[in-house]
Amino acid sequence: MRRMAVDEVVSMLPSWRPGAALEELAAFLSDSESLAPADRVAVFDNDGTLWCEKPAYFQLAFFRRELEAAVMARPQLAERPEYRALLGHDNAALAELGLPRIALALADLCAGLTAEEFSYRSARFLLEEQHPTLGRPFAQAVYQPMLELLAALRVHGFATFIVTGGGTEFVRAVSEQLYGVPPEGVVGTLIEYEYLALDGNPELRRTGNVSGGANEGPAKVVNIQQHLGRRPVFAAGNSAGDREMIEWALATSGPSLGMLIDHDDAGREFAYESVAVTFDSAERIVDVGRREGWTIVSMLNDWSDVFPTRLVVE
């Protein structure tokens, strides 16, 4: 295959402004053609990397909607402390309870559902419900420059995967539609299932238990190996929960690239410091990335467009 010139690579990324990030990305894509096809593996975090994660994680918004519906049918649910705090938008109580406890309580809401029913509800929410501040469905709050990057990587022979701290099946419900990543290409936090034989028919039902803990920090690297069995040479993230995954990709021989999205655009999206959910870090991840030589992407300066101007999914 003819080696693609850097300017040809740049033409595949029209929403990326000229600058260091685009130059580093284009150089990597061009250089990656020296890699064996089997070694062209790229992994992406999802929340805050491929789609927006503010003012709340999309999955949290989904579960809050599920909770509201459940309480209509069973008012007594509103007495559970986690649910009471969520329904009352009591941020102080939510902070005291902690997101891991909130997540487990919300997982209980969908216990007993089949995988198909959960996927249907998740996809319907993402495709139909409006983001609270962006004036578009949740599924349209994906980052246009990252969609272009996914496509450019595939043109260069890369297998692309999503490695997220979010629920595996929540992301799988739309991963192929939004990103071109099939369900088996999503590695996330897993819910345990129960196998049942009902009237002689086998079924799988969700439980409220998390399998193996949250997929964040070092767990992402472990799960890449356990679930994908392929080591990446490209990794993109936005928080301290992605640090080890980026370091793992960069610790390979040959061309590699670690990318960090810096949310510094309050006008078109949100400006905030990205942090891990399940642990504290002493240093800002942007400072870590700069010190370690990662490719830091300023949403404000490096992207001419943040969100798609047309529907991603018809």
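Data overview
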| item | result |
| --- | --- |
| Two-decimal log10 I(q)/I(0) for the chain, as the Debye equation yields it once each C-alpha is a single scatterer, q = 0.09 Å⁻¹ | -0.46 |
| Alpha-carbon centroid distance for the pair the range 244-314 / the range 207-227, whole angstrom | 21 Å |
| For the range 86-109 versus the range 111-157, the gap between their alpha-carbon centres in whole angstrom | 23 Å |
| Estimated FRET transfer efficiency (S281, N301; beta-carbon r; R0 35 Å; 0.05) | 0.90 |
| Inter-site label distance for A69 and T207 at 7 Å from Cα along Cβ, in nm | 2.5 nm |
| Value of Rg to Rh for the range 211-313 (Rh from inverse mean 1/r over Cα pairs, i.e. Kirkwood) | 1.00 |
| When the range 120-197 is reduced to its Cα atoms, the Kirkwood hydrodynamic radius in Å | 13.9 Å |
| Highest to lowest packing among 8-17, 212-221, scored as the average C-beta count within 10 Å | 212-221, 8-17 |
| Net charge of Cβ neighbours under 14 Å - reference E129; Lys, Arg +1; Asp, Glu -1 | +2 |
| Within the chain, percent of DSSP bridges classed antiparallel, to nearest 5 | 40 percent |
| Helix 115-128 vs. the chain, principal-axis angle (Cα, 0 to 90°, nearest 10) | 70 degrees |
| Stretchable slack from E129 to D199, in nm (0.36 nm times residue separation minus alpha-carbon distance) | 21.5 nm |
| Around Y195: net Lys/Arg minus Asp/Glu count, Cβ-Cβ under 9 Å | -1 |
| Normalised alpha carbon radius of gyration of the range 58-128 [divisor 2.2 N^0.38 Å] | 1.09 |
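Any read-out appearing in this document is the output of simple, stated calculations on the displayed coordinates, not a laboratory observation. Please read all numbers here as calculations on a predicted model, not as lab measurements. No Cβ is skipped: glycine too gets one built from the backbone with ideal geometry, and neighbour counts run over all protein chains shown.
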